[in-house]
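Right, one structure below, let's go through it.
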Amino acid sequence: MSVIYHPQKYKLEDLPMQNFIDSDEIWEILKRNENPTPERVREVIARSLDKHRLSLDETAVLINANTPDLIEEIKNGARELKERVYGKRIVLFAPLYIGNLCVNNCAYCGFRTDNKKQKRITLSSEEIRAEVEMLEDSGHKRLILVYGEHPKYDAAFIAETVRNVYSVKKGNGEIRRVNINAAPMDIEGFKVVKDAGIGTYQVFQETYDRNAYLKVHLGGKKRDYDWRITALDRAQEAGIDDVGIGALLGLYDWRFEVLGLLRHVNHFEAVYNVGPHTISFPRLKKASGFEVKPEFDVSDEEFTRLVAILRLAVPYTGMILTAREPAHIRDEVLQFGVSQIDGGTNIEMKGYSSKKDQQDLDHEQFTIGDNRTLNEVMEELLGHGYLPSFCTACYRLKRTGEHFMEFSVPGFIKRFCQPNAMLTMAEYLEDYAPAETREKGYKLIAENLKDYQDEQFREKLIDRLERVKKGERDLYF
Ligand code: SF4
């Protein structure tokens, strides 16, 4: 039975804890919006630029617009929206893999339980501290901790690792926000992890199509589609209002997955009055004992299109692109709406302290395409005029979930995110950047300061930048 939504607020206990994805409905929406006229496509782009989240039908119009001219118009629209809403800031983070024990058998994953070649490792408390010190020494302030699904990685274990990470301070180095990518929990488990002070809890549905899901999730708890699709409802019920959703592109038709993601967004808005904090759209990659089969392969052309379409569909949701993608693809799609990327990424177990040149797939979950150091990524961003940001202000000022949404409507980003990006970037330039990068960074900050007409606010910002140069840290708006 499918659950049809109406824009009124539901209580979770009033709703069956079940899947809200109706595959037939999604294919019906894609079908009834085939061959859209250029006028219809422009109408939808304009609605998004007018800061409306798009409906599934409107998004299907953009998905079905496949002439080169219309695709270019969609990309131009996404570029403009990104500029208007996010300005130049790009948030940086790094992943840290804590343990690769896993009871599940996901066909595409190097950590799957029947992959005997994978070296199974769970970082000890000391090993976690060593990795975090390496990440702090490179300038990171925001991490995402990643775990396989295993009884050993229960809520108490995850909470303990989060507290351990926050407790590592080296020089001016500290981690100010810890996000989690781990298995679904029950409400009590989510409460335990929340109490450890996490930021976003990410659970990717991988594919929203139930049949495609069962084809690749061959064993273990993860085979339970309904338990997974309702995971972040339980997280919200536990008080975690910053959640991250995602689809693993290549498991099923990308057009279906884009509407699946959007259905997930409007489910949260209907039930919790707030959308997810972030959306991720990783593409399937080679893994230990796994080769990508082309059945639903997403080409680079389709990938850049879907990033632009997602940007227009959900103007206020953070969009994350990881180092799975090679540098040239990352650099290209940044302009269409990606707001968060990782930098200096190493997904090998104990990878940051072991510093191997070559990737060893039997020590990691999948192949990554971008091996640049954090400073090389910073240089690339500065070169394109982007403002790299390590900001964590909203999270620490409890501007999250519904409260975050209110703020992130008119001008919030310019008033808070951009200045905070400059302040966290200045910390990086003072503590970690080589002279050449420092010079480029301060030149860009000077250019961006010109944007502020409000003399009083500009003075306040300049004063804080000067205080960072004199050694103060952790200043934000
Ligand atoms: S994708 Fe996650 S749950 Fe599946 S095998 Fe890999 S680590 Fe385990």
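Computed about the Cα centre, the dipole magnitude for segment 407-469 is approximately 140 debye when only Lys and Arg (+1) and Asp and Glu (-1) carry charge, each at its Cβ. Does segment 407-469 classify as rounded, prolate or oblate by the C-alpha gyration tensor (a ≥ b ≥ c root eigenvalues; a/c under 1.5 gives rounded; else a/b over b/c gives prolate, otherwise oblate)? Since a/c reaches 1.5 and a/b is larger than b/c, the shape of segment 407-469 is classed as prolate.
Checked against a 31 Å cut-off, the cross-linked pairs Lys170/Lys285; Lys75/Lys169; Lys141/Lys440; Lys350/Lys443 give Cα-Cα distances beyond that limit for Lys170/Lys285; Lys75/Lys169; Lys350/Lys443. Across segment 298-455, the volume of the C-alpha convex hull divided among the residues equals 156 Å³ per residue. Surface analysis of the chain yields an accessible area of 39 Å² per residue, using protein heavy atoms and a 1.4 Å probe. Please tell me which of these pairs span more than 22 angstrom C-alpha to C-alpha: Lys152/Lys222; Lys222/Lys356; Lys119/Lys152? In this structure, Lys222/Lys356 exceed 22 Å between Cα atoms. For the chain, the fraction of 1.4 Å probe accessible surface lying on carbon and sulfur atoms is 51 percent. Rg/Rh, computed from the Cα trace of segment 144-303 with Rh as the Kirkwood radius, has the value 0.99. The distance between label points at Glu302 and Arg129 comes to 4.8 nm (points 7 Å beyond Cα on the Cα→Cβ vector).
To the nearest 10, the accessible area of Phe416 is 50 Å² with a 1.4 Å probe.
For the chain, the direction-averaged projected area of the alpha-carbon convex hull comes to 21.3 nm².
Mean residue ellipticity at 222 nm, helices only, the chain: -13500 deg cm²/dmol; runs of at least 4 DSSP H residues each add -39,500 (n - 2.57), and the sum is divided by the number of residues.
The charge dipole of the chain, taken about the Cα centre with unit charges on the Cβ atoms of Lys, Arg (+1) and Asp, Glu (-1), comes to about 800 debye, rounded to the nearest 20. Amide H contacts of Phe93 (H built 1.01 Å from N, in plane; Pro and chain starts excluded): Ile341, Asp342, Gly343 sit under 5 Å, all sequence-distant by 5 or more or on other chains. As a calculated quantity, the FRET efficiency between His384 and Gln456 at R0 = 35 Å, using C-beta atoms, amounts to about 0.70.
Subtracting the Cα-Cα distance of Ala156 and Asp226 from their residue separation scaled by 0.36 nm leaves 22.8 nm. Computed with a 1.4 Å probe over protein heavy atoms only, the accessible area of Glu25 comes to about 50 Å².
Ignoring lysines fewer than eight residues from Lys194 along the same chain, the ones with Cα atoms less than 17 angstrom from its Cα are Lys398. The percentage of C-alpha pairs in segment 279-326 whose separation is greater than 17 Å is 42%. Here the gap between Ser354 and Ser55, fully extended at 0.36 nm per residue and compared with their Cα-Cα distance, gives a gain of 102.9 nm.
Relative to its Kirkwood radius, the Cα radius of gyration of segment 261-351 gives an Rg/Rh of 1.00. Of all the Cα-Cα pairs you can form in segment 8-138, what percent are over 26 Å apart? Roughly 60 percent, once rounded to a whole number.
The order of Trp254, Trp227 by accessible area, most exposed first and with a 1.4 Å probe, is Trp227, Trp254. A full extension of the chain between Asp463 and Arg120 corresponds to an added length of 118.5 nm, given 0.36 nm per residue minus the alpha carbon distance.
The values are calculated or read from the model by the stated rules, or taken from the named source; none is laboratory data. Just so we're clear, the structure is a prediction, and the values are computed from it rather than from any experiment. Neighbour counts run over all protein chains shown; Cβ positions are idealised from the backbone, glycine included. Surface areas here come from the heavy atoms of the whole protein model, side chains and all, with no ligands, DNA or RNA. Shrake-Rupley method; radii C 1.70, N 1.55, O 1.52, S 1.80 Å.
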